[in-house]
Structure formats: C-alpha cells, structure tokens
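Engineer: Sending over a structure as structure tokens; questions will come in a sec.
The values are calculated or read from the model by the stated rules, or taken from the named source; none is laboratory data. This structure is a prediction, so every number in the text was calculated from the model and none was measured. In this analysis, Cβ positions are derived from the backbone assuming ideal geometry, glycine residues included, and neighbour counts consider all displayed protein chains. Just the protein is used for accessible areas: all its heavy atoms, side chains included, with ligands, DNA and RNA removed. Shrake-Rupley method; radii C 1.70, N 1.55, O 1.52, S 1.80 Å.
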Amino acid sequence: MSAHSTTVIDDELTSEFGVIKAESPAEKAWQRFRRHPLALTGLILITIILVLTIAAPLIDRYPPSQLALADKFQKPSASHWFGTDRVGRDIWSRTLHGGRVSIVVGVSAALVSTIIGVIFGALAGYYGGWVDGLIMRFTDIVMTFPRVVIILTVATFLGQNILNLILLISLFGWMSTARLVRGQVLSIREEQFVQAVRSLGAGDMTIIFRHIMPNVIAPLLAAVTFAVNEAILLEAGLSFLGIGVPLPTPSWGNMLETARSLDVLQFGVWMWMPPALFILITVLSINFIGDGLRDALDPRHIA
Amino acid sequence: MDYAIRRILINIPILFIVTVIIFLLVNLAPGDPVDFYVNEEMGVTRDDLTHLEEKFGLNDPIYVRYFKWLGATLQGDLGFRYKNGDDVAEVLFERLQRTLLLMGAALLLGVVIGVTLGIYTGLHQYSIADFLLTTLSFVGISMPAFIAGIFGLYFFSVKLGWFPSGGMRTIGKPETLLDLLHHLVLPAGTLAIMYAANFMRYQRFSILEVKRADYIRTAQAKGLKPRIITWRHTVRNAILPVVTVIGVTVPNLVAGALFTETIYSWPGMGSLFVDAVAARDYPMVMGIMLVTAVVVLGANLITDLTYSLVDPRIRYD
Amino acid sequence: MEPLLEVRNLVTKFKTDAGIVYAVNGISYSLARGESMAIVGESGSGKSVGVLSLIKLIPVPPGRIDDGQVIFKGRDLLTLAPEQLRKVRGKEISMVFQDPMTSLNPVLTIGLQLTEALEEHEHISRAAARKRSVEMLELVGLPDAENRLNDYPHQFSGGQRQRIGIAMALACKPDLLIGDEPTTALDVTIQAQIVELMKELQKELGMAFIWITHDLGVVADLVEQVAVMYAGFIVELASVDDLYHRPGHPYTLGLLESIPNIEGKEERLIPIEGRPPDLHQEPRSCPFAPRCRYVIDRCREAVPPLEEHSGHQIACFRAEEIQDAQRDPVKLAALVTPAKQAAKAAVARSDAPSARQKVLVKVENLKQHFPIRRGIIQRQVGAVRAVDGLDFEIYQGETLGLVGESGCGKSTTGQAILQLLKPTAGRVYFKDKELTGASKKDIRAARRDMQMIFQDPYASLNPRMTVGSIIGESLRIHNIGDRSSRQERVEQLMALVGLNPNFINRYPHEFSGGQRQRIGIARALATNPAFIVADEPIAALDVSIQAQVVNLLDDLRHEMGLTYLFIAHDLSMVRYISDRIAVMYLGRIVELGEGDSIFVQPLHPYTQALLSAIPIPDPDRASRRQRIVLEGDVPSPANPPSGCRFHTRCAYATEICRREDPQLRSFGNGLQHVVACHHAEQFV
C-alpha cells in the first residue's frame, strides 16, 4: 500500500471549535460532575452518613437493642446523646445501626431491581416485536398497582424479615428501569454506529454487550441512584406502617413508627426526629448526586 | 374520536388481567384466611368455621371461584368483610370518596403550586428566586408523604395548634365546609409537597426547553409583545408535556395518600387498606386493589385524552 | 442616497464553559433599498450570528454584542430601547429561518401565526388580517390558502411550511427580509422552487434581502452582492459577477475550486486542506492562514483589514496578486507558498480502468417494503414501498452513483444490498453468490468483503470507544491477526486515510467532522473489502471538507481496486466521482447510464429537472440556463401514484403515463443508457 499524493496528516485534534486535551468520556463526565455544586454537597453528605453507619459498632456506645428500662424515655444528655426510647434503648446507637439496615435494604433492593430491569429492558429493546410487546404490556400491568399497595398485600402473608423486604421491593420495582433501558436500547440500536458494527459483521451478543450496553450505563447510573432513594423510602414507609423491618432490629423506618403515637410525637421529639432527618438528608444527598450524574452524563455533552 | 375509542377499549384487556392478578395474589397466598379467625380462647374452633367456608364458597376450584368473584364484581358486588360482615362495596364507596377528596386536593395544590413556580423559575432562569426555589425543590422531592406528614403534624398541629391533628370533622360540631377544609389543609398540604416540587422541576425544565425552540425565535423575529411570546408561544407549549406527567404520578399519589391517611386518621381508603391487610380481610383487600387499579387506569386515560385534545399533533395521527 | 442598512464593526461573542467563542469579529457592510445580498460561509463562520445580532435575536446570555453599530433607516438598532426594537422586528426587518419543520409553532394554527404579526404591527382587525394572510399565502404559491388557515403546521410538507414561513415574514411588507439558510433543509427540487419564488417576490415587492447560505451555487443568480465569511470575519465582499470571476481572497478561491464543475469531470478537485477554525482563540492573525496555500509571514502577524481592491473589498495581504491571476491555474500555482507546494500538486485525475467485464454486484427485482401497523394488535394496514423493484448491476472497479431526493429509497437500497435489511422480495448477488437467503453466518462472513461508509460522522462512531478500537473492530470480529498485528494494521490504515497514527488511543469527540469521516473510511477498509456502499458520505460535511473526503475516496479506489456504490443527493459531486449514475424516484430507478450521457442528454423529465436544479456557482451560466421547476411535493411512498410514479409532477405526462407503469428501456449508441419514460424518444 503506497501513501498517495494527497495524504495530508492532520496533526491537530479539535472538537467543535477548540483544540482539546486527551480525555475519555468518563474523565470528561467527572470534570463536569466536580463542577456541579449540589452534586458535590451530596457526595460529601452521603460520605459522612456512610462513614457514620459503617463505623456504627465503633462509635455506638450502647448495643442498639439493649433494653434499659431504668433509663427509658430520657431526653438527650451526655450519657445518651440522642436520648432513649420507651424501653430505654439508646437512640444514637439505634440511628446509626438503623442506617445500616436502611441503606443495605435500599442499595441491595435497588441493585436487584436494576438487574431485573436491565435484562427485561435490553431484551425488549433489542429484539422488539412480540418480545417487546409482551414485556412492555407486563410492566404496564404491574405498574397499575402502586408499589406500596401490592407489597403490603404480599408482605403480610410472606412473613416479615429483611430478606423478604429486599425481595419484594426489587420484584415490584424494576419496571421503570426496564422502560428506561428499553428506550435507550431502542434508540441506540438505531444509531449509525450500531448499524456500522452490524455492517462489519458483528453478531447480536457483540452488538448488545460491547456496543449498546456501555452507552446505556450512563443514563442507568443516574437511574440507579434514584432507585436507591425509592427503595430507602419504601423500606422506611413500610416499616413505618409496621410491615417492614421487624423489631427489635432498628431501621430508620421502624424508629419513625413511634411517631404514630401522638404522645411520642408531642413529648418525645428526640425519638423520631433523628431517623426522620437522617432519611431526609440521605435521600436529599442522593438526589443531588443523581442530578449531578444526569447532567454530567448527558449525551449532549458526550458526542 | 377514533383515537378516544381505541384508547378506552385498550383498557378492557388490561383490566381483565388486573383482576386475574388480584385474585391470584390473594387466593394463592399461603395460609387459609379462615385460619386467622381460629381462636380457641374465644371459643371459635375449626369446626365452627367450616360452615363459614361453605358460605363464602372457599372450597370450589380456584377458576370457579375466580369467575364467581368476577361475575359478582361486575355487578358491583364485592362481597362481605370477614371482619364484621359489612358490605365491601358500600364501605369502599364511602371511603373512596374521601380519599379522592384528599388526593384531588393534594393534586390540585401540587399542580397549581408546582406549575406556577415552574413557569416562574423557567422564565426567570439564573435569578435568585430561581436558584432558591430550585434548591428547595430538591428538599421537596426528598420529602415523602410520611415524613412531611409527621413534620406537618408536629409543627402545625401539636406545636402551633393551627390545625386539628386528625379526622375529617370536629366531633360534636355541625358539619360545615369550613370545618372540612380546616381538617383537609394539613393532610392535603403535606401530601402535595412532593408533587409540587416534582411538577415545578418538570415545568421549569419544559419551559427552558421551549425557550430554546426555533419557533420562539420566529415569534421574536415577528416583533410580538413579550407577553404574547411568553403566554401564547412559550407557556402554552411548555405545559403540554407536564399534562402527561400528572397521569403517571397518580400511583404515587395513591401510595402517598395511604401514609397521609394513617398519620392524620383520615377515614379514607388508604387507612382502611392498612387495617384490612393487617386483619387479612381479603374481600376488602381485593376490593381496594381493584378500585386502585381502576383509579390509576382512569387517571392515565383522562391524561391521554386531555393531551390529545390540547395537542393538535395527536388528533390527526 | 443613504443606505437602508449599514453595519459597522459588529462584534458578537459567546461566553461558554469552555471559554469565550469569538463568533463575529467586527464585520461591516451596507445595503441599499431594494438591494439583495448573500452572506456565504461554512459552519462556524459567524454568518448566522452576524445577522441575528442585527435585531438582537441571539440568546443573551451566553451571547453578547460587544461592539458596533447597526444603522437602519438612520437609527442604531443596537442602542434602541427593546420596545422600539420590537417594532422594527417583523415590521421593517423580518426573517425566514432554516428549518421549516421546527420554525413554526406546532400547537397554533398557521392562520393565527400569520395574523398575529399583522395585528401587532398594523393594528388591523382580525378579519382584515386574515384576508391579508390569504393574499400572502397565495402570493407564495400555497394552494387553497383560504381553507387552510385553520390547519396546523404538521399538516403541511416541508416545502409548504417554508412558503408559509416566507408569507409570515412578508406579511407586514418589510423593508428588509433576512433568510437564514432558508433552503438548506430542503430537497434540491424544492430548493429550486423557493429560489424562484424569492426572485419573483423581490421583483414584485421590491424589498431588500440578505440570504445566508453555505452554498456559493445557490445564490449565484439570486443576489447582487456576496459577502464571504470565515471565522467571524468578512474576508471578501463584492458584486456577484466579480466575486465568481475574480476572487481575491484565497478562501473564496478555495471554495470555488473545491466545488466540481458540472460541465466536465477531468479536473481534480482542489480541497482546502486542514481543519475548521478554532473560535476560542482571540483572533490576532489572519484566521485563514493555517489553511492557506498562499500564506506569507505577514499573515501570521496581523489580521488583514478589509480593503478596497479594484471593486472588491478583500481582507488579504496578497489580494491583488490573487485577483490578477483570475482563477488561472498556472498563474495561481506561481503564487503558492513554497512550503505548501507539495500539498497542492494538482495532479490530473487518472481515469479508472473502466473495462466493464466483471459484474460484482447484481440486483434483481429488489423490493424493500416497511409495514405500517396500527391499533392495539398492530395490524398491518399498508406498507411504505421504500424500494419497489430495482434491477441493476455494479461492475468490478466502477463507481455507481445513486441519486435522488430524500425518501426516494436510495439509502434503503444500499442497506438492502448489504443485507442490513432483509429485502421483501428480489435477489442480490455478490461475486456470483446469492446473498438473499444466505444463512446469517454466511452473510456475516461476507461482510468482510463488503463494507459501508455512513453519512453522519458524529453518529456513526461509538463515542465510548477509542479510534483504535473503532477501526480495528472488524479485525476483532473476524478474528484476523493478534492484538499487536491488529494495532499495526490500524496504524497503517490511519496513515492511509490521512490521520496521525499517534492518535490511536483518542476518542471520537476529539476529532473534527472531516477527521471523523476519515476514521469511518479507515474502519470500512480494515478487512480489505472489494465493495463499499458510501451512504451520503459527504452530506454532513462543510463544502471545503467535502472535497478532501471525495479526493480520498477517489484515490483509495484507484489504489485498492475498490468498487463503490456512491449514494448522494448532490448531483455535481456524484457526477464527479461516478462512472455511471442511477437516478431514483419513489423507490424506482427512472434512469441509469454513463455520467456523461446522463448529464449531456438526460432522457427522463425528472433527471432533467434535477439537473436544472443543481446550483451552479457561476452567475453567467446560472442565469443563462433554463430552470425546470417541478410543481408540488414528492408523493408518499406508502401510496405511490398509478402508472408512471412521476406523472403527478411531470410537464409531459399524458394519459398513458397515468395508466401504464413504464419499464426501463435502452437508448443510446450501444452504451448502456436506460430510462423508464413513455416519452423518452422526444428527448433523444
């Protein structure tokens, strides 16, 4: 192969208008994320909460389920920073340990539901036709029931424990992920670069896993953060109704349940305020992060 | 018109499958509902319940029971409560009205506040109000109905004493509209927070998108008054996509109402559901699930039909 | 006489995250009443921002008009109060925009959109405004105007919408009409309709107008003055004849040289080398210097001012020398900077050995229908007959050009040949083997030998893969070589297409459009294919870059013995690169023959119309030729007309055309020239 007369080696790289540095799409996304003030705030807050909950056994001062009837219903003090509940359990300790439960339930339920959603969504989006029709009608129907309603129904006869809770939250929570992934796969499947790989002779599996899925990960990442939030709130909500994490294991939700009694609501603010605020701050920071991720991974920036 | 009919008809098979799911879910559940009432201490024995089983037809094969149930349901007969033998449909109908009142009030508040703030912040991007409201909206979308409800109850009822702590009526007082509204403000308001924040974010985003549209530039190039560009061209187009969101949020609203009703002892369908589930009152559970599904499907239907009325592009498809 | 519009030193910048974009860097020009002017430039030249700034239509922020005056009828528009400026917009200066699909408000009737400006500026009643709107719509040639006022934009075709846009702009009888690329989004025959309409309207209404375009050809016989913009500067401003015959700026010259001459195909295109300008740098030297063949040291030290040179205004230190050369290649060659001479090397084109012996691809009765499904159960209610019965052959070593307007099925044809779509009917043979009906595995194996180059250099490269993986992907798929030999091959390919092999680990977003298209070409070449379908490979590129890519494709074909199916809508480029040309209309080939015979003696009325609609960048020839302007729009391929599909738009159509579907018939002296027209004899 001879170099021909007109070959001009372009020695400069340029984006739309400017010469730019070598950066992978992931590096570019991180650059944008870092410049997002709310996302950064969220990242810092969630780090603090994670450190506190992970270090719970080291800083808890009392075992979370240790009863001390002599010390019951105490206001916050030097010995009990956040006070005690009606059976004398230390609120500070229960808040930290409850956070572990809430976050573990939230994250694992979000992961399981994401996996289910990705599989269904990718199948529906890539194969289309009756596969798509079947899966999408199915999700439509599952979505006509509010999640809390259906989980409440099933949870009562399935038995109350953390594993069942995770299972139920994820089994009834994959639909929006499936829709998102399907939509993404559907549009990426029609992109010219996928056509191009197909014209090179690539098979379905290469196309799905090497070319389509890496492009779905960006929007999926933002969706996962919101799924974690939903799962955390769902756990809290169900436990609040007394159908989630069973006592004596603490979770933010079942600690909040105490506030259903007007007595505690009025005279035991320290008992329900910490879990309420922790839920709020956790969800808020994850929303911040999700928003930052969505902006940073916006395909309009990546092209 | 053709579109409307097709859109309505498509719900029939969905509703059919929904009934199957509800029925299976409840009837395949482990444990006989009747067992729940076996209580030796109170002298209720297995034997006593056998005739009850026959009365409720619990010994037929499952598909026979399904079609019996479906047939009765179609005639508006949802059966009787295990708990006290009340007519499910009757109780449910009364409760549903109250829940719809609560949900309707919350939705109205959420949409009006959210859309208004969304339009304002979208039109005044980069202003201080925009920055503050946008940041605040994050708190709003992070505040589920049960946390908002508890906070609302604590601050506005317990601490400030502005509103009653629960119920729909002040007992012993005449039933006035004002009294009802007084009871409605807190539950509806706290239920609305998340929706208001959500709608604000959608509406703001939608306004920002439309502001960039080519046809807005065309309108500017025509020399129209800013007022006309804003209302006739920008807002009108930007509200359309938000209409679709209303329908999608109804399932969440139903779930939220469940918590709100529990917290404020609002005698609606949600608090009834929590009780029914705990008591394994299956006819009631099935009835509520069915009504919920109908409400959700109906909301989606109304949303789609409304959208097709306001967007000329749909009508002719 | 006082000019209608005088722009003085207009400067517009955009402040973005990545820094300041210097969009318009001090442009000045003036326009008399009733005068017409074109502003020509490529993407990033500042041509649109320049005119949008006149009536402050740029978004602020991020935009900012930093300096300058816009004197219109004696007052400076830039210092006018917003309320005053608003009264100028739409009333005295109005605009027509590029994309008719997005420029009209989708939820308002066209009647309302037409009357609202009239009510605003003329303070007339709604009834009077509606009456005037109907008049305007009739003036722009919209049929049945009265009854269509209550229709919404989506009920009109693209061409009709652009007519509505023009009617809207003219409603208040403005003194100045600005068209921001008003025909760019339209097909070539519709573009011809709009250009003719503008000529008539100007004769009738006598307003001044400014026409923004990237295509020197479109405006050649439309305007009196032309301003050429590059990187935010006007680099040349002259009367239209002067500009085309005696260009004085190397960029103008380069643009003219990079457009193929439709009268002959011998001369090799001379592209403008290099990449588009970087607008993030504050301009301190001639912005064109990095790409200029005539560059001297002075060009890199200062921005050349726009100065008068025998009737032109030119911003170049060597303007007079270049003008004196009068587009004479020999004289120009002498002016080229010594260091740039190698790059120029205007070699004559070696014609391909078009000894047509071997058929490489054979297509028989190819049909590709797309079902239209409706309703809940997705019942098929019809079909879009994108490709509806094609028969042709592609010979080894030739380039077959496939032309037609959007929706004619040309791209679908390419995909169906490569089996990227499963044809509804017909057979495709490649190297004597039938592809239609072959197993999935065989087709995938055959893909080594037949490749595709795509239209959009942005969408056709996976944004998350490095250039090396993109180019080497087919080697990986077909298990050719090991990791290191593949890398070697990729580097070799990058050098072959003119990319620096050191960039092998970079990502697509770091390359310019032209460079990305080179990546796409390298990818197609990786497995040494015999046949390449090039699907509009230059349509998304700037004019000055198009010639680079076309030359590259042409060279590669000769060096590697490739066979191309070159799909395009730009007839002059197709003629330049192709040996034979096939013209498609509504899923059928209506004419196929040698490029020369098609251009010299087009036998199908549609081909004739297409040829006459080609923009010619030469005002003399453009005004001399007879334009055949087709009426109406292309019918829907879901419901093609009976008989000859072209009869609804054909001036020669008779009864037989409505009844009988004409078959391809052979004409000419032994050379293949086939045409599907009942009346072809009369054109021989």
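Engineer: Hey, does the range A:93-105 have a residue that's of a type in the set (D, E, K, R) and either within 23 Å of the chain's Cα centre (by Cα) or crowded, with 24+ Cβ neighbours inside 10 Å (or both)?
Structural biologist: Step one: filter the range A:93-105 for residues of a type in the set (D, E, K, R), giving A:94, A:100.
Restricting the remaining residues to those that are either within 23 Å of the chain's Cα centre (by Cα) or crowded, with 24+ Cβ neighbours inside 10 Å (or both) gives A:94, A:100.
Taking every residue of the range A:93-105 in turn, at least one turns out to be of a type in the set (D, E, K, R) and either within 23 Å of the chain's Cα centre (by Cα) or crowded, with 24+ Cβ neighbours inside 10 Å (or both).
Engineer: Additional query: Got a sec? Which of B:Ala213, B:Ala196 is among the small types (Gly, Ala, Ser), touching a residue at least 12 places away in the same chain (Cβ under 8 Å) and within 14 Å of chain C (Cβ to nearest Cβ)? Walk me through how you get there before you give the answer.
Structural biologist: Numbers: B:Ala196 fails: within 14 Å of chain C (Cβ to nearest Cβ).
Every option except B:Ala213 fails the conditions.
Engineer: Moving on to the next point. Identify the residue in the range C:182-196 that is touching a residue at least 40 places away in the same chain (Cβ under 8 Å) and touching a Leu at 6+ places or on another chain (Cβ under 9 Å) and, among all such residues, is surrounded by the most Cβ atoms within 10 Å (Cβ to Cβ).
Structural biologist: The first filter runs over the range C:182-196 and keeps only residues touching a residue at least 40 places away in the same chain (Cβ under 8 Å), leaving C:182, C:184-193, C:196.
Next, from what is left, pick out any that are touching a Leu at 6+ places or on another chain (Cβ under 9 Å): C:188-190, C:192-193.
Working: C:Val188: 22, C:Thr189: 22, C:Ile190: 26, C:Ala192: 23, C:Gln193: 23.
Looking at the filtered set, the residue picked out is C:Ile190.
Engineer: So which residues in the range C:433-457 are of a type in the set (D, E, K, R) and either without any contact (Cβ under 8 Å) to a residue 12 or more places away in the chain or within 13 Å of chain A (Cβ to nearest Cβ) (or both), if there are any at all?
Structural biologist: Filtering the range C:433-457 for residues of a type in the set (D, E, K, R) gives C:433-434, C:440-442, C:444, C:447-449, C:456.
Hits for the range C:433-457 are C:Glu434, C:Lys440, C:Lys441, C:Asp442, C:Arg444, C:Arg447, C:Arg448, C:Asp449, C:Asp456.
Engineer: Something else now. Output the residues belonging to the range C:430-446 that are of a type in the set (Ser, Thr, Tyr) and open to solvent by 40 Å² or more (accessible area, probe 1.4 Å).
Structural biologist: Result: C:Ser439, single match.
Engineer: Further, regarding this structure: Answer yes or no as to whether C:Tyr606 is touching a Phe, Trp or Tyr at 6+ places or on another chain (Cβ under 8 Å) and either assigned to a loop (DSSP other than H, G, I, E, B) or not small (Gly, Ala, Ser) (or both). Before the answer, list the steps.
Structural biologist: Numbers: touching a Phe, Trp or Tyr at 6+ places or on another chain (Cβ under 8 Å): yes; either assigned to a loop (DSSP other than H, G, I, E, B) or not small (Gly, Ala, Ser) (or both): yes.
In short, yes.
Engineer: Which number in (1) touching a Ser or Thr at 6+ places or on another chain (Cβ under 6 Å); (2) within 9 Å of chain A (Cβ to nearest Cβ); (3) open to solvent by 50 Å² or more (accessible area, probe 1.4 Å) marks the one condition that C:Arg427 misses?
Structural biologist: (2)
Engineer: So, in the range C:91-107, of the ones that are open to solvent by less than 10 Å² (accessible area, probe 1.4 Å) and more than 7 Å from chain B (Cβ to nearest Cβ), which residue ends up farthest from B:Pro312 (Cα to Cα)?
Structural biologist: The residue in question is C:Ile93.
Engineer: Condition test on A:Trp272, is it crowded, with 17+ Cβ neighbours inside 10 Å, without any contact (Cβ under 8 Å) to a residue 40 or more places away in the chain and either away from chain B (no Cβ under 12 Å) or not charged (D, E, K, R) (or both)? Before you say what the answer is, go through the steps one by one.
Structural biologist: Numbers: crowded, with 17+ Cβ neighbours inside 10 Å: yes; without any contact (Cβ under 8 Å) to a residue 40 or more places away in the chain: yes; either away from chain B (no Cβ under 12 Å) or not charged (D, E, K, R) (or both): yes.
Criteria met by A:Trp272.
Engineer: So in the range B:149-180, with the set limited to residues that are more than 14 Å from chain A (Cβ to nearest Cβ) and either basic (Lys, Arg) or open to solvent by less than 30 Å² (accessible area, probe 1.4 Å) (or both), which one is farthest from A:Phe240 (Cα to Cα)?
Structural biologist: B:Lys173
Engineer: When you go through (1) in a loop (DSSP other than H, G, I, E, B); (2) under 27 Å from C:Asp579 (Cα atoms) one by one for C:Val674, which number turns out not to apply?
Structural biologist: C:Val674 satisfies every listed condition except (1).
Engineer: Could you pull out every one of the helices (runs of 4 or more DSSP H) wholly within the range A:109-192 that has 2 or more residues that are modelled with pLDDT of 85 or more, in contact with a Phe, Trp or Tyr (Cβ under 9 Å, 6 or more places away or on another chain) and open to solvent by less than 10 Å² (accessible area, probe 1.4 Å)?
Structural biologist: Ranges flagged: A:147-158, A:175-189.
Engineer: Scanning for something in contact with a strand residue (DSSP E or B) (Cβ under 7 Å, 6 or more places away or on another chain) and either in a loop (DSSP other than H, G, I, E, B) or open to solvent by less than 20 Å² (accessible area, probe 1.4 Å) (or both), does the range C:454-467 turn up at least one residue? Outline the logic, then answer.
Structural biologist: Applying the first criterion (in contact with a strand residue (DSSP E or B) (Cβ under 7 Å, 6 or more places away or on another chain)) to the range C:454-467 yields C:454-455.
This time we only want the ones that are either in a loop (DSSP other than H, G, I, E, B) or open to solvent by less than 20 Å² (accessible area, probe 1.4 Å) (or both), so: C:454-455.
Yes, the conditions are met somewhere in the range C:454-467.
Engineer: Out of everything in the range A:117-167 that is within 25 Å of C:Arg379 (Cβ to Cβ), more than 9 Å from chain B (Cβ to nearest Cβ) and of a type in the set (Val, Ile, Thr), what residue ends up being nearest to the chain's Cα centre (by Cα)?
Structural biologist: Checked the range A:117-167; the qualifying residue nearest to the chain's Cα centre (by Cα) is A:Thr139.
Engineer: Pairs only if they're at least six apart or on different chains, beta carbon under 9 angstrom, first in the range C:483-511 and more than 9 Å from every other protein chain (Cβ to nearest Cβ) and among the small types (Gly, Ala, Ser), second part of a helix (DSSP H, G or I) and crowded, with 19+ Cβ neighbours inside 10 Å; list them, first residue then second.
Structural biologist: Every condition considered, the pairs that remain are C:Ser485/C:Leu475.
Engineer: Find all pairs meeting these conditions: Cβ atoms under 9 angstrom apart; at least six residues apart or on different chains; first residue within the range A:22-43 and of a type in the set (Asp, Glu); second residue surrounded by fewer than 17 Cβ atoms within 10 Å (Cβ to Cβ) and assigned to a helix (DSSP H, G or I).
Structural biologist: So the pair list comes out as A:Glu23/A:Gln31.
Engineer: Can I ask one more? Considering only the range C:126-180, state which residues are open to solvent by 10 Å² or more (accessible area, probe 1.4 Å) and β-branched (Val, Ile, Thr).
Structural biologist: Once the filter is applied, which keeps residues that are open to solvent by 10 Å² or more (accessible area, probe 1.4 Å) and β-branched (Val, Ile, Thr), the range C:126-180 yields only C:Val134.
Engineer: Counting just the residues of the range C:520-548 that are outside any loop (DSSP other than H, G, I, E, B) and modelled with pLDDT under 90, which one comes out nearest to the other protein chains (Cβ to nearest Cβ)? Walk me through how you get there before you give the answer.
Structural biologist: The initial filter retains those residues of the range C:520-548 that are outside any loop (DSSP other than H, G, I, E, B), namely C:520-525, C:531-535, C:543-548.
Checking which are modelled with pLDDT under 90 leaves us with C:543-548.
Details: C:Val543: 17, C:Ser544: 13, C:Ile545: 11, C:Gln546: 14, C:Ala547: 10, C:Gln548: 8 Å.
Out of the qualifying residues, it is C:Gln548.
Engineer: Moving on. Inside the range C:39-90, can you point out the residues that are away from every other protein chain (no Cβ under 13 Å), surrounded by 22 or more Cβ atoms within 10 Å (Cβ to Cβ) and among the basic types (Lys, Arg)?
Structural biologist: Answer for the range C:39-90, where residues must be away from every other protein chain (no Cβ under 13 Å), surrounded by 22 or more Cβ atoms within 10 Å (Cβ to Cβ) and among the basic types (Lys, Arg): just C:Lys47.
Engineer: Say whether the condition of being open to solvent by less than 40 Å² (accessible area, probe 1.4 Å), more than 14 Å from every other protein chain (Cβ to nearest Cβ), modelled with pLDDT of 60 or more and more than 19 Å from the chain's Cα centre (by Cα) is met by at least one residue in the range A:26-45.
Structural biologist: No: the range A:26-45 contains no residue that is open to solvent by less than 40 Å² (accessible area, probe 1.4 Å), more than 14 Å from every other protein chain (Cβ to nearest Cβ), modelled with pLDDT of 60 or more and more than 19 Å from the chain's Cα centre (by Cα).
Engineer: Moving to a separate point now. Check C:Ala220, C:Ala169 and return the single one that is away from chain B (no Cβ under 14 Å), among the aliphatic types (A, V, I, L, M) and within 23 Å of C:Leu5 (Cβ to Cβ).
Structural biologist: From the options C:Ala220, C:Ala169, the qualifying one is C:Ala220.
Engineer: Considering (1) over 17 Å from B:Gly104 (Cβ atoms); (2) within 12 Å of another protein chain (Cβ to nearest Cβ), say which one B:Gln203 fails and leave the rest.
Structural biologist: B:Gln203 satisfies every listed condition except (2).
Engineer: Take B:Val235 and tell me if it is over 28 Å from C:Arg86 (Cα atoms) and not polar (S, T, N, Q). Steps first, please.
Structural biologist: On the way: over 28 Å from C:Arg86 (Cα atoms): no; not polar (S, T, N, Q): yes.
So B:Val235 fails the test.
For every residue, the table says whether it meets (1) among the aliphatic types (A, V, I, L, M); (2) away from every other protein chain (no Cβ under 11 Å).
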residue	(1), (2)
C:Arg518	no, no
C:Tyr564	no, yes
C:Asp570	no, yes
C:Met573	yes, yes
C:Arg588	no, yes
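Engineer: Further question: Going through B:Leu208, B:Leu258, B:Leu290 one at a time, which residue ends up being surrounded by fewer than 18 Cβ atoms within 10 Å (Cβ to Cβ) and not assigned by TED's automatic domain parsing to the domain that holds B:Arg65? Before you say what the answer is, go through the steps one by one.
Structural biologist: Numbers: B:Leu258 fails: surrounded by fewer than 18 Cβ atoms within 10 Å (Cβ to Cβ); B:Leu290 fails: surrounded by fewer than 18 Cβ atoms within 10 Å (Cβ to Cβ).
Among B:Leu208, B:Leu258, B:Leu290, only B:Leu208 is surrounded by fewer than 18 Cβ atoms within 10 Å (Cβ to Cβ) and not assigned by TED's automatic domain parsing to the domain that holds B:Arg65.
Engineer: Looking only at strands (runs of 3 or more DSSP E) that lie completely in the range C:355-446, which have at least 1 residues being over 19 Å from C:Phe566 (Cβ atoms)? Don't jump to the end; show me each part of the working.
Structural biologist: Numbers: elements: C:359-374, C:379-395, C:399-403, C:425-430.
Filter on the range C:355-446 gives C:359-374, C:379-395, C:425-430.
Engineer: So which of A:Leu220, A:Leu233, A:Leu238 ends up being under 26 Å from A:Thr282 (Cβ atoms), within 14 Å of chain C (Cβ to nearest Cβ) and either open to solvent by less than 30 Å² (accessible area, probe 1.4 Å) or touching a strand residue (DSSP E or B) at 6+ places or on another chain (Cβ under 8 Å) (or both)? First the steps, then the outcome.
Structural biologist: Working: A:Leu233 fails: within 14 Å of chain C (Cβ to nearest Cβ); A:Leu238 fails: within 14 Å of chain C (Cβ to nearest Cβ).
Within the list A:Leu220, A:Leu233, A:Leu238, the selection yields A:Leu220.
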